[in-house]
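A quick write-up on the structure given underneath.
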Amino acid sequence: MATIIVVTSGKGGVGKTTTSASFATGLAQRGYRTVVIDFDVGLRNLDLIMGCERRVVYDFINVINNEATLNQALIRDKRVENLYILPASQTRDKDALTKEGVERILSELKQNFEFEYVVCDSPAGIERGALMALYYADEALVVTNPEVSSVRDSDRILGILSSRSRRAEQSENPVKEHLVLARYAPDRANRGDMLTVQDVLEILAIPLLGVVPESSAVLQSSNAGIPVILDENSDAGLAYSDLVDRFLGKDLPHRFIEIPKKGFLKRLFGGG
Amino acid sequence: MLFIEVFQDLMLLPRSLHASNAETLPFELKGSLFTLTVMHLFHLDHAVIERHLLDKVKQAPGFFNNTPVVIDLEGMTEPKQAIDFERLYALLRKNGLIPVGIRNGSPEYQEAALLAGLPMLPERRSNTNANGLIRKTDLNELTASLRNRIIRQPVRSGQEVYAPDGDLIVLGAVSAGADVIADGNIHIYGALRGRALAGVKGNIESWIFCQSLEAELISIAGHYQVCEQFNPTDLAKAAQICLREERLIIEHLTR
């Protein structure tokens, strides 16, 4: 039985699409058949970050409107086996997403294509696109940055997950919530420029799945169209790798929360 | 014949109906609580009503100074009797009362009142016994009929939870930007960062309890304080809040 996971945040620019791309890639790397769907109709980005924008012919909305089949629209990732991308449309708006249409496609992906994980990359905001992305979710990755407005918006999204998702409406078990704290800089948090991990956990009160450090590698990989999890030399890549393992049940300690200690030579000669 | 209930009767109006277009708003609609006088009408005889009104005016001339009044029709002894609301309006207006709406009454009454410009206001549980006499609400009876509401997850930003006719118990935090509202007491087993309004129908005996007071606003029976008015030493501590002599009293909860 496939698990539907929404990657959501409320606020824009906090790292939803980066997280969706790396999370889906990580699941596929570990052998799970995974599809990642871009729900940001009108402002598609996922295909850019996954590096497959030139291969988009048909999109999610074409499939909803029966203008194309899922077979035609699904893009197979060239780097990682078991990974597929369902891109958003650049030319439509979010009203094209209907509850019935989304449900039909999700069930087709589960049954006919035997995907084990369906990752839904939500647009920002709390409008139709975001509501459709979270409606059928079994689990949710709530992406937050360590600043007040981002945390407030995530809190709002958590409220919507617990009241307006299909699971909430049908009084089933609630959507399982995971916190992803992105763009974290321990030194700035210690100085009081940012909220600390504890501050965020105190407000949102959901389990922490991973802390992704602020990293130049994220921007570089986005521009290169490679999910940052594939950059095994970067701290952000390692953080996403840990995050996927934790999601799959491994008990790993959280890295990148403390200020990195300077090495012996650096302390001796200063700098850094 | 005629009974004027000078009794605090709080109406809970719909909250914040913001228009979506932010630029050059000519107005804004917001909910608010009002204390209104209710006139319980038992039967319609304009002459008798006027005589009684004149009596009342003699007793309390200051009160009848364009005072807004709600006409409650539940106690009408002959509910079929037609009411000329425009004439009734003129009569009351002449004697210093301004009808602003009606409450209870048959659909025919409601329709006729609406034609005369008097809207229908929300009903309240009846306090009228068979003889049509009003008795004061017995606090013990009120407590017995309380229906409590327990919320097992945190109340998140943007959510509003209301416990009508009872206590609200939240097993978790109330986030900034969330509202918890109860006709009775509010108990929060977590931090209160949003707004808590207890006793919204006027129960001045209501309390608010929370494990950490970081609220945006607290209110009991319409008496409220915003966070800027809190004593800094009360912040982020377990607190119990009650109303004494129309003032909100915040006390630390010792564990």
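The values are calculated or read from the model by the stated rules, or taken from the named source; none is laboratory data. Everything numeric here is computed off the predicted structure, so don't read it as measured data. Glycine gets a Cβ as well: all are built from the backbone with ideal geometry, and neighbour counts include every protein chain shown.
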Selected residue (only one of B:Ser212, B:Ser206 is among the polar types (S, T, N, Q) and either in contact with a Ser or Thr (Cβ under 9 Å, 6 or more places away or on another chain) or over 30 Å from A:Pro174 (Cβ atoms) (or both)): B:Ser206
Subset of the range B:173-192 [away from chain A (no Cβ under 14 Å) and either over 16 Å from B:Gly158 (Cα atoms) or part of a loop (DSSP other than H, G, I, E, B) (or both)]: B:Ala182, B:Asp183, B:Gly184, B:Asn185, B:Ile186, B:His187
Residue list for the range A:129-152, filter: of a type outside the set (Phe, Trp, Tyr), touching an Asp or Glu at 6+ places or on another chain (Cβ under 9 Å) and within 9 Å of A:Val6 (Cα to Cα): A:Ala133, A:Glu139, A:Ala140, A:Leu141, A:Val142
Filter result (of a type in the set (Val, Ile, Thr) and more than 14 Å from chain B (Cβ to nearest Cβ)) within the range A:134-156: A:Val143
Residues that are modelled with pLDDT of 90 or more, assigned to a loop (DSSP other than H, G, I, E, B) and more than 14 Å from chain A (Cβ to nearest Cβ), drawn from the range B:119-171: B:Asn148, B:Pro164, B:Gly166, B:Asp167
Looking only at the range B:218-236, and only at residues there that are in a strand (DSSP E or B) and surrounded by 16 or more Cβ atoms within 10 Å (Cβ to Cβ), the one that is farthest from the chain's Cα centre (by Cα): B:Gln225
Meets criteria (outside any helix (DSSP H, G or I), away from chain B (no Cβ under 14 Å) and within 15 Å of the chain's Cα centre (by Cα)) for A:Gly237: no
Counted residues, the range B:238-255 - those being at pLDDT below 95 and part of a loop (DSSP other than H, G, I, E, B): 5
Candidate set: the range A:157-196, residues that are surrounded by 19 or more Cβ atoms within 10 Å (Cβ to Cβ) and among the β-branched types (Val, Ile, Thr); chosen: the one farthest from the other protein chains (Cβ to nearest Cβ): A:Val180
Given (1) within 14 Å of another protein chain (Cβ to nearest Cβ); (2) crowded, with 21+ Cβ neighbours inside 10 Å; (3) more than 20 Å from B:Pro164 (Cβ to Cβ), number of the condition B:Leu213 does not satisfy: (1)
Close pairs from the range B:193-208: first within 14 Å of chain A (Cβ to nearest Cβ), partner among the acidic types (Asp, Glu) and part of a loop (DSSP other than H, G, I, E, B), Cβ under 7 Å, at least 6 apart: B:Arg193/B:Glu214; B:Gly194/B:Glu216
